[in-house]
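Shown next, in structure tokens, is the structure this report addresses.
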Amino acid sequence: MKASKVRKPKHVSYTKWGYIFLIPFFSVYAVFSFIPMISTFYYSFFENFMSGLKMIGPKYVGLDNFVKLFTEGDLLKYTENTLIMWVMGFVPQILVSLLLAAWFTNTRLKLKFTGFFKTVIYMPNLIMASAFAMLFFTLFANNGPVNMMLMNLGLTKESIHFMSSTIGARSLIAMMNFLMWFGNTTILLMAGMMGIDVALFEAAEVDGATPWQIFSGITMPLLRPIMAYVMVTSLIGGLQMFDLPQILTNGQGGPDRTTMTLIMYLNNHLFSKNYGMAGALSVILFVITGALSILVFKVLMRQRES
Amino acid sequence: MGKEIKESGSIHLRRFFCYIVLIFFAVISLFSFYLLLINATRAHVDIQRGFSLLPGKSFVRNFNNVWNNETILIVHGMVNSLFVSSLTVILSVYFSAMTAYGIHAYDFRFKKVIFDFILLIMTIPTQVSALGFVKLITFMHLKDTFVPLIIPAIAAPACFFFMKQYMESSLPMEIIEAARIDGSSEIHTFNTIIIPLLKPAIAVQAIFGFTSSWNNYFAPSLVLTKAQDKTLPLWIAYIRGADFTKFDMGQLYMMIAFSIFPVIVIYLILSKFIVQGVALGSVKG
């Protein structure tokens, strides 16, 4: 022990710099994330809301807010809305991304202009979601360009009221989610596919395997960690769905609150200053996303170890 | 011989099919932005009258209408967004690099625990602490200022993770040792030697950091309430809430274009780095 200290005196004296370099991150994290999180959890145990101009509470009520959230039924409805819209966007997204990534990485197919296609399909990911939703709102309005185009083409006689039906509004949100994320997922899956040993594909081809056999027998099994990563991070993102439905429906979650998501619900509680309920809802969201984050963490750790 | 011809024929057919599908997806990715671009150049009456795939002649008029609008301050919002996003990106990139360097270059007792902790909080959404965040900034008298939108960028776990990955792949410890022998202090080494070496990673994270701040709607909606402070997404929300029937649609499309096209232009210039960056920061199969 002593001998090593003598041999590497410098090494020891630098240790403190490791801590010093971490100070900015952790002090900011503590003030702007950790303390707010703890105080959010703390509020979940209090009755505290605005009734007209009067502030009720804060009064300690134990778990009453949680009981209320679960028994009122809205939480369940909004969780269902959020998950339905996520699935409607995610299923086509993962299927299309798998297909495109398989084509882009296929050495026999040797597609040209892949750089161009990747650039184009990734682009919607960087677009301001609120502006994108506003754009869809105007394009799919009852007398908007999409309806005019459909009528010009003779596909419909009367304009389609996309946003007044549940399926229409949900489909628009799912479609925007799909457009914003399928390029990103394609690139992630490509990175995974390119990590697979080419010899495996060549051996399969020599053995006369069909493209589908190669895909289902080699690519898919080896892609499992990245598929898990893509799915869980997408679900975490899906649970945070806010900008698109909020702007598309002007915060109403219409029609009849069938596109109201969990974060829109939280946002409503924050703006109506119902802090007790907002706190309880945050705790529930934290528990769900926290559990999912542990899954992401495990995938990342496994990758780093290999 | 015959088999070979048949095979090459089938690969041509497959390739042709692939291109058709790829073109289809490229078109649906671009179509809404194309319509936006077209409608931003058309006059209100033309937009009401019918659909067109060709641009109109009212680009300058729509542009001036947005520029001179005294109730919906889109240009002011753009300046605010630019200010917030620029400072955010500088802080997040610099301090994420610093944090990653602290863990990468030094050996200390809680190194592994701290690294795991940052990885674990990386995917926890900021929305779950929104209530406490609003309470805190009200208590600190920071409401209606840009501070609560900028300072938290110092702790950016995803940016940190990217920087750490990059350092592991391309920052040899020998460089740091050499700087120490030359008598360079640790902070000085970081600022003058390490930061320049991280340029590729910084470029990628600068783009992602900038766009995510530029596009951010949730946090500013909790912090900013005054018209002169509003960032672009807040103006978009304002327009959505306004009475639609009285709107000049040409001007409206131009306002959306103001929020979307700056990012598209930056993207097209830097797309090569961005697409590579997405792949770099990912999990390998």
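Chain A contacts chain B over a buried accessible area of about 9700 Å², both sides summed; the probe is 1.4 Å and only protein chains count. Counting only other chain Cβ atoms within 10 Å of each residue's Cβ, the peptide B:96-106 averages 5. The equivalent ellipsoid that matches the C-alpha gyration tensor of the protein assembly as shown spans semi-axes of 39, 36, 25 angstrom, in descending order. Which cross-chain or sequence-distant (5 or more) residues have an amide H under 5 Å from the amide H of residue A:47, H modelled 1.01 Å from N in plane? Hits under the 5 Å cutoff: A:59, A:60, A:61. Restricting the stretch B:203-253 to trypsin sites (Lys or Arg not before Pro) that sit in a DSSP loop and have at most 10 other Cβ atoms within 10 Å of their own Cβ leaves B:226.
Annotation: peptides B:198-207, B:180-189, A:133-142, B:26-35, ranked by per-residue average of other Cβ atoms within 10 Å with the highest first, follow the order A:133-142, B:198-207, B:26-35, B:180-189.
Using a probe of 1.4 angstrom and keeping all protein chains present, the accessible surface of the protein assembly as shown works out to 47 square angstrom per residue. Ranked from largest to smallest solvent-accessible area, with a 1.4 Å probe on the protein heavy atoms, A:258, A:107 come out as A:107, A:258. Entry note, the stretch B:151-285: relative contact order of 27 percent, from Cα contacts under 8 Å with a spacing of 6+ residues. Averaged over peptide A:256-268, the number of partner chain Cβ atoms lying within 10 Å of each residue's Cβ comes to 1. Using Cβ point charges alone (K and R +1, D and E -1), the dipole size of the stretch B:1-156 about the Cα centre works out to roughly 320 debye. For the stretch B:71-242, the share of accessible area belonging to carbon and sulfur comes to 69 percent (1.4 Å probe, ligands and nucleic acids excluded). Taken about its Cα centre, the protein assembly as shown carries a charge dipole of roughly 720 debye when the Cβ of each Lys and Arg holds +1 and the Cβ of each Asp and Glu holds -1. Result for chain B in a Gaussian network model with C-alpha springs under 10 Å: among B:24, B:108, B:139, the largest mean-square fluctuation is at B:24.
Once all protein chains are placed together, residue B:67 keeps about 140 Å² accessible to a 1.4 angstrom probe. Protein-only accessible surface at a 1.4 angstrom probe places the residues A:104, B:273, B:63 in the order B:273, B:63, A:104, largest first. Element breakdown for the stretch B:2-63 at a 1.4 angstrom probe: carbon and sulfur atoms account for 73% of the accessible area. One way to sum up the overall shape of the stretch A:152-306 is the equivalent ellipsoid from its Cα gyration tensor, whose semi-axes run 39, 26, 9 Å, largest first. Just the protein heavy atoms count here, and of the accessible area of the stretch A:231-306 at 1.4 Å, carbon and sulfur take up 61 percent. When the Cα positions of A:179, A:38, A:69 are compared along the charge dipole of chain A, A:38 comes out farthest toward the positive end, with charges on each C-beta of Lys, Arg, Asp and Glu.
Of A:256, B:46, B:243, A:243, the order by accessible heavy-atom surface (1.4 Å probe, DNA, RNA and ligands excluded), from most exposed downward, is A:256, B:243, B:46, A:243. Which whole-number percent of Cα pairs in chain A have a distance greater than 38 Å? Percent of Cα pairs beyond 38 Å in chain A: 35.
In percent, rounded to a whole number, the relative contact order of chain A is 28, using alpha-carbon pairs under 8 Å and six or more apart. The heavy atoms of residue A:16 present about 120 square angstrom of accessible area, all protein chains included, probe 1.4 Å. Each residue was assigned an accessible area with a 1.4 Å probe, and for residue B:47 the value is about 10 Å². Projecting the Cα positions of A:20, A:52, A:299 onto the charge dipole of chain A (unit charges on Cβ atoms of Lys, Arg, Asp and Glu, taken about the Cα centre) puts A:20 furthest along the positive direction.
Look at the stretch B:23-31: the mean tally of other chain Cβ atoms within 10 Å of its residues' Cβ atoms is 5. Taking all Cα pairs closer than 8 Å and separated by 6 or more residues, the relative contact order of the stretch A:84-243 comes to 35 percent.
The values are calculated or read from the model by the stated rules, or taken from the named source; none is laboratory data. The structure displayed is predicted, hence computed values, not measured ones. Virtual Cβ from ideal backbone geometry, glycine too; neighbours counted across all protein chains shown. Accessible surface is based on the protein model in full, side chains and every heavy atom, while ligands, DNA and RNA are left aside. Shrake-Rupley method; radii C 1.70, N 1.55, O 1.52, S 1.80 Å.
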